[in-house]
Amino acid sequence: MSTPTMRTAPAVDETSPTLALTCALIERASVTPDDAGCQDLIARRLAALGFGAEWLDSGPVRNLWLRRGEHAPLFVFAGHTDVVPTGAAHAWSSPPFQPTLRDGYLYGRGAADMKGSIAAFVTACERILAHTPVLPGSIALLITSDEEGPSIEGTAHVVRTLQARGETMDWCVVGEPSSSTRLGDVVRVGRRGSLNATLRIEGVQGHVAYPRDALNPIHLFAHVAADLEAQVWDQGNEFFPATSFQFSNVHAGTGADNVIPGVLEARFNLRYCTENTRESLEQRVRAILARHGVRHQLEWSHSGGPFLTRPGTLVEAVRAAIRQHAGVEPELNTGGGTSDGRFIAPTGTQVIELGPVNATIHKVDECVRTADLDTLSAIYQQILENLFAAR
Ligand SMILES: [Zn+2]
């Protein structure tokens, strides 16, 4: 069933295939990593246009690689069918997996992040291939159900598989909701890297009344923390804000008022730009700890390096398409958290992210402007036309 539920809203524009497909996807309750049949629906729809479907599943994660054409250049739409949990369903104005139209908006979990974009990928392909069945290159869709989860067996797995068999992507548009206040106002051309660490500072446990016989790791940590917090890691650059350091968790103490704890554990994160590397940051942190002479253990976990797609063929094709169909000049930036673009960019692919307004993503009453779905589909189609017509 793909007919949206109507409330006080005006009649649904039944002529919008993008809206209808978005509704059909929202009805499939695909809480990460469950795909709930979304990818089958997409594969069936694009099989009619000559897209070959390949399932690149890994563990509980469904991954779909759909490709039409054998020749370079290869253009890829990338996205995810999984959604974050709804939270308390009764807090929603309408059931989260029942697509509902109200006042020009479509409500439902995944409406903006990112089932609307996936639907727009599909309808953009349908329209361009209806009038240009032979393109000077290939189109593919890379769809995972593991973007909102650990992101280990999703896009990263597909990219490894493609690389192993020498299948290279030239251009990639990720459908993440990049827009800020109106559709197309922001295009992400990169993302910061993210480096996590767990720090354990070792002291000597004892009685608070006999501090000479103990060593308080909280006091040691206070000095180390102040030093780390005061660091200027870099100044950022033309495309990135400066690298930032934040503690996320600190734990110490036994719960008793009269015990100096023996150990303190803290976790911190560095969001970093291209002025630093994982190695340069790790080295600086280690040097600071060494300077304080505290006994410690440090464990690192790297979520992804920074990437940047400089102005070039793809960025220009995207800019022109947005200008033409949304009437705005997009700001190119590298804000926000990490995305699956971090797995694709290191292969040398030009990657940008463009999708709906992100004001309600992951929230109760997630929604997308219904008119934006058609505009987004028109922009995606125009990007393909700009890239392939230039050849
Ligand atoms: Zn997303």
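Read-outs throughout are calculated quantities, based only on the coordinates presented, and are distinct from any laboratory measurement. From a predicted model like this one, the values you see are computed outputs, not experimental measurements. As a convention, Cβ positions derive from the backbone with ideal geometry for all residues, glycine included, and neighbour counts pool all protein chains shown.
Modelling each spin label as a point 7 Å along the Cα-to-Cβ direction, I'd like the Thr168/Leu298 distance in nm, to one decimal.
Rounded to a tenth, the inter-label distance reads 3.7 nm.
Multiplying the sequence separation of Glu279 and Arg310 by 0.36 nm and subtracting their Cα-Cα distance, what value in nm do you get? Write down the numbers at each step before the final one.
On the way: separation 31, 0.36 × 31 = 11.16 nm, distance 2.35 nm.
Additional length available on full extension: 8.8 nm.
Once phi is turned into θ = phi - 60°, what whole-Hz ³J(HN,Hα) does the Karplus curve with 6.51, -1.76 and 1.60 give for every residue of region 83-90, x standing for Gly and Pro?
Values, residue by residue: 10, 6, x, 7, x, 4, 4, 5 Hz.
Name the helices (complete DSSP H segments) of the chain with a Cα length along the long axis of 27 Å or more and a Kyte-Doolittle mean of at least -1.0, or state none. Don't skip to the end; give the middle numbers.
Details: long enough: 370-389 (29 Å, 0.39).
Long hydrophobic helices here: 370-389.
Most fluctuating residue of Ala130, Ala72, Ala378 in a GNM of the chain with Cα springs under 10 Å: which is it?
Ala130
So who's got an amide H within less than 5 Å of the one on Ala78, skipping anything under 5 residues away but keeping other chains? H placed 1.01 Å off N, in plane.
When sequence neighbours closer than 5 places are left aside, the close amide H contacts are Leu142, Val173, Val174, Gly175.
7 Å from Cα along Cα→Cβ at both Ile288 and Thr198: what's the point-to-point distance in nm?
Those two pseudo-labels are separated by 2.0 nm.
Amide H neighbours of Glu331 under 5 Å, counting only residues 5+ apart in sequence or on other chains, H built in-plane at 1.01 Å?
Excluding prolines and chain starts, which carry no amide H, the hits are Val186, Val187.
Per residue of region 191-201, what does 6.51 cos²θ - 1.76 cosθ + 1.60 with θ = phi - 60° give for ³J(HN,Hα)? Whole Hz please, x for Gly and Pro, Karplus curve as stated.
With the stated coefficients, region 191-201 comes to 9, 6, x, 9, 10, 10, 8, 10, 10, 10, 9 Hz.
What is the set of long-range amide H partners of Asn63 at a cut-off below 5 Å, with H atoms built 1.01 Å from backbone N?
Here the answer is Leu56, Asp57, Ser58, since their amide H atoms fall under 5 Å of that of Asn63.
With θ taken as phi - 60° and the coefficients 6.51, -1.76 and 1.60, list the Karplus ³J(HN,Hα) couplings across region 259-275 in order, rounded to whole Hz; mark glycine and proline as x.
Each residue's phi maps through the Karplus curve to give 10, 7, x, x, 8, 10, 10, 10, 10, 9, 10, 10, 9, 10, 9, 6, 7 Hz.
Full extension from Ser248 to Ala371: what is 0.36 nm times the residue separation minus their Cα-Cα distance, to one decimal in nm? Walk me through the numbers on the way to the answer.
Details: separation 123, 0.36 × 123 = 44.28 nm, distance 3.94 nm.
So the extension gain works out to 40.3 nm.
Using alpha-carbon pairs under 8 Å, 6+ residues apart, how would you state the relative contact order of the chain in percent?
With pairs under 8 Å counted, the relative contact order is 24 percent.
Would you calculate, for the chain, the mean residue ellipticity at 222 nm contributed by helices, counting each DSSP H stretch of 4 or more residues as -39,500 (n - 2.57) and dividing by all residues, to the nearest 500? Please list the in-between numbers first.
On the way: 9 runs with 114 residues, N = 391.
Calculated mean residue ellipticity at 222 nm is -9000 deg cm²/dmol.
Go ahead and set up a Gaussian network model of the chain, Cα springs under 10 Å, then flag whichever of Leu354, Leu129, Leu106 fluctuates most.
The residue that fluctuates most here is Leu129.
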